Structures are given as C-alpha cells and as structure tokens.
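Laboratory data are not the source of any read-out in this text; all were calculated from the coordinates shown. Quick caveat, the model's predicted, so the values are computed rather than measured. Virtual Cβ from ideal backbone geometry, glycine too; neighbours counted across all protein chains shown.
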Amino acid sequence: MVGDGVVIVGAGHAGGQAAAVLRAKGYGGTIRLLGEEPHAPYERPPLSKALLAGEIEPVRTYLRKSEFYGEKNIDLRIGIRVEAIEREARRVVLAGDEALGYEKLILATGSVNRQLDIPGVELAGVRYLRSLDESLALRSDLEDAGEVVVVGGGYIGLEVAATARKMGAHVTVLEMLDRIMARVVAPEMSDYVAACHRDQGVEIRTGVAVTGFEGDERLSAVRLSDDSTLPADFAVVGVGVVPNDGLAAACGLEVENGIVVDEFTQTSDPDIFAIGDVTNHPNGHYRRRLRLENVQNAMDQAKAAALAICGTPEAYSEVPWFWSDQFDLKIQIAGLTEGADQVVVRQVTDENRFAVAYLKAGVLIALDAINAPKDFMQARKLIPTNAQPDLAKLADPAVALRDTV
Ligand code: FAD
C-alpha cells in the first residue's frame, strides 16, 4: 500500500489539535484522524468539574464544532481502534483488518488510568474517570449518592470530591501518603487546600491505603489498611495514569515511561511523531526529560508536530502550566516544583488569595497560585528567565511578583 498523507492515532485533545493546526499551517494532503471513543475530540478538564456537576452538557466539551472536520477536509473516524502499526509497509491496521497507509504518522494515544489490583475492584459502584462517558455515568450516580469515597488525593480526586460534595454527597478522600498532592506541591499548599475541603465538609484521611472493596455485586464499603471499613455507595479511584504506549512499543519504537520523542516530537522513526500525555520528551528549560499530563502540553506538542510535518519545525520548550478548580479555589500552577530547596508563601487572607513560590538555588522554578491569577501570569513570564526574586519582596503579597526581581 502506498501511504498518503498524515494519519493521527487518537482523536483526543492532542490529536484533534494536531489535525486543526496542520490545516491552519497549510498542509494540503489527506488527514485521517482515528479515535477509539465514540466522540469527536473533546476536552477532559470539565469531566471532573462542570460536566460532572451537570452545569454543562457534553457538546460544550467538544474541541470544535462537528462541521469543522468536514469543512477542513479532515477525515475524522470515531469508534475505530488502531490495532497495530506496520512501519515497513507504512500503514496502520484497524480492528476488522482494514489498513490505512501514511506518509507521516502521529501517535496521540494519551494515557490510561492506573488500575488498583485489590479485591472487589470489579464491583458495581467502583468507578474510574477518564472519558466523557465515564463522567456522565458518574454524574448520574452522584445525583442520589449518600456516601462517596474518593481513592487518591491528587488533583482529579480532589476535583471529584469537591464536585460530589457540592452535589450533596458526604465525601471522604483517602490518601496513602501523609498529605494530599504530596508529590507535586509543598506542605503549605497541601494544608491550604485540605483546610478548604474540610471547611466544605469533605473528610480527608491521609496515611491510609485502601485494601479492598466490599459488597454483594454492588459496593457497600471500602476496607482500609488499618482494617476498618467505611460505608460507600460509590468509590471513585484516582490514583494516577500511565502512558498508553503499547502500540508504539509493539512496533519497535523507543519507549521508556512513554514514547521517547525529541524537541520536535519526532520518535525514533523519522516518519512517526508522538504528542500529548503519551510522550517522554525533553524540556529545554528544566534540562530533563518529562512526561506531562496537561492540556498545555497536548496543545503545544500538537503544534510542534504539525510544524515539523509542514517543513517549518520549531522546537517545543515550554514551561509547563496547569489549572484545577475545587470549590471556590481557582488553582493555577506554573512550572515544575521538583528540585526546589526553598518555598515562599504569599498570602492575603481576607481575599482567600494564596501562592507558593518554589526556588532552587535562589532561582524561581515554579509557583502555585490560588485565586491569584496575576501571580500565575507573572510567574509564567519570570520562570523562563531564571529570575532570582528578592526573598523579602517575594514574601510580601502587596509587591507584584514581577517587581520582586
Ligand atoms: P487524550 O485526551 O487522553 O486522548 C487520547 C485519545 O486516544 C483517547 O480518546 C483514546 O481513546 C484514543 N486512543 C488511544 N489508543 C487508541 C487506538 N489504539 N486507536 C484509536 N484511538 C486510540 N489537564 C489540565 O491541563 N487541566 C485540567 O484541569 C485537567 N483536568 C483533567 C480532568 C480529568 C478528569 C482528566 C481525565 C484529565 C484532565 N487533564 C487536565 C489532563 C488533560 O485532559 C490531558 O493531559 C489531555 O487530555 C491529554 O491529551 P491527549 O490527546 O494526549 O490524550
């Protein structure tokens, strides 16, 4: 089979964006966008926030209107799983044995939820959250849920906890480590967010693992490592994700904690690119390899792949950023905290405004902002410059972040 055009595997945030940017940059060949889910590309952030809360309907999560794909001559095929990549023949094999040739292939297969391997995980009422359909199913569960247990005190678990609480459930968050969000934020930030959840009536229990789910067919209780049990109508498991890199590994691409790509999103095969959650990529600012699970990375790598395919490559080297909404906390994160040796808190109590700046050898490497959008925006500008803030000014929230250097 003679390959033609670009085939994109995975019609999620990164894949959908790559197709759009290819056309916007003037790519004139065939674009085939193949997605296993029964939906056009959509945004996942609302799945644990507004969509789950019933504040918006699924159509509002779509990246683009359905007419867009026809208008831009993008062959969007949904409900189709790519089963294999045949690199020598330059084609992808679909379920049902149909094959499609490519000149360039983009892998945008995202990540999948890490699964718990404990007794009772198959019981009805134990849920994971990754897809639109899972969010809608959980939303209908939550409409009349009494006791909800959230397993995992990371961003997604905490967003689900906040939404479920707002919908009237009694919510308990179980976190194995000694504080929530422990891997990515300073204790000051964990404490602030935990206090807000507790004020809203969410119970947070740390240092406790789930050892099993109990019930006859349906979940009725969650068993904990101290051998106690908690009543539960529903449990939502949010214990992280793993890269969905099986297709890439099976066809011999270099894979190590994600598909290994360069700063142009090219894999170890020059005709194959990979973008989004599934990649292990170099970051020019932090000078190390990263695997990120955020919209900024999906969007920016989609652009990098499209530019490389159009013959106008631009290296991808963004300082990562991320956001999360929990109750009335608008959390925005700029940069990565790993390696920080000092933190400085900026707090205005009566405005519920709070920020934590992370420094490494005096250089600002990251900032977590709560209801502090100016700090967040200014941090995004300062971090790439390796700014060295004055510590006294930094600790004074009346001094604008940009004026601390
Ligand atoms: P995905 O969006 O996961 O898309 C991958 C797609 O590929 C999927 O549709 C999958 O079905 C498809 N696919 C996989 N294998 C195949 C195959 N073999 N054949 C065909 N199709 C295939 N990020 C933020 O920055 N801020 C947030 O507030 C935020 N909130 C989030 C809340 C939730 C509940 C979730 C789940 C994620 C959230 N994220 C957030 C993360 C963000 O959504 C992801 O980083 C982003 O979706 C990654 O895009 P992607 O295209 O790489 O992967």
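Top mean-square fluctuation among 265, 385, 349, Gaussian network model of the chain, C-alpha springs under 10 Å?
Most flexible of the set in this elastic network: 349.
How much net charge surrounds residue 75 when only the other residues with a Cβ under 14 Å from the Cβ of residue 75 are counted, with Lys and Arg +1 and Asp and Glu -1?
+1
With springs only between Cα atoms under 10 Å, which of 259, 56, 118 fluctuates most in a Gaussian network model of the chain?
Between 259, 56, 118, it is 118 that shows the largest mean-square fluctuation.
Please state, as a whole number in µm²/s, the translational diffusion coefficient that the Stokes-Einstein equation yields for region 328-404 at 25 °C and 0.890 mPa s, with Rh defined as the Kirkwood radius across alpha carbon pairs.
Numbers: Rh = 12.0 Å.
D = 205 µm²/s.
Run the simple label-point estimate for residue 405 and residue 268 please: 7 Å along Cα→C-beta, distance reported in nm.
According to this spin-label approximation, the distance is 3.8 nm.
Placing one identical point scatterer on every Cα of region 219-311 and ignoring solvent, what is log10 I(q)/I(0) from the Debye formula at q = 0.20, 0.22 Å⁻¹?
For region 219-311, the Cα-only Debye profile gives -0.90, -1.05.
Provide, as a two-decimal number, the C-alpha radius of gyration of region 167-273 over 2.2 N^0.38 Å, N being how many residues it has.
Region 167-273 yields a ratio of 1.53.
Under 18 Å between alpha carbons, and skipping anything fewer than 8 positions from residue 65 in its own chain: which aspartates and glutamates qualify?
The reachable aspartates and glutamates, counting only those whose Cα sits under 18 Å from residue 65, are 37, 43, 57, 75.
Taking neighbour Cβ counts within 10 Å as the exposure measure, how do 341, 375 sort from fewest upward?
Ordered from fewest to most neighbouring Cβ atoms within 10 Å, 341, 375 come out as 341, 375.
Quote the convex hull volume per residue of the chain, based on C-alpha atoms, as a whole number of Å³. Don't jump to the answer; show the numbers that get you there.
Numbers: hull volume 59.4 nm³, N = 405.
Here the figure is 147 Å³ per residue.
Tell me which residues come under 5 Å, amide H to amide H, from residue 330 once H is placed; ignore anything under 5 positions away on its chain.
Residues meeting the criterion, in which the H sits 1.01 Å from N, are 371.
For region 256-336, which trypsin sites (Lys or Arg not before Pro) are in a loop by DSSP, counting at most 11 other Cβ atoms within 10 Å?
287
Please identify the GluC sites (Glu not before Pro) of region 161-232 that satisfy two criteria: DSSP loop assignment and at most 10 other Cβ atoms within 10 Å. Which are they?
Filter output for region 161-232: 217.
Find the relative contact order for the chain and round it to a whole percent, using C-alpha pairs within less than 8 Å whose residues are 6+ positions apart.
Computed value for the chain: 14 percent relative contact order.
As a footprinting exposure proxy, order 62, 155 by other Cβ within 10 Å, with the fewest listed first.
62, 155
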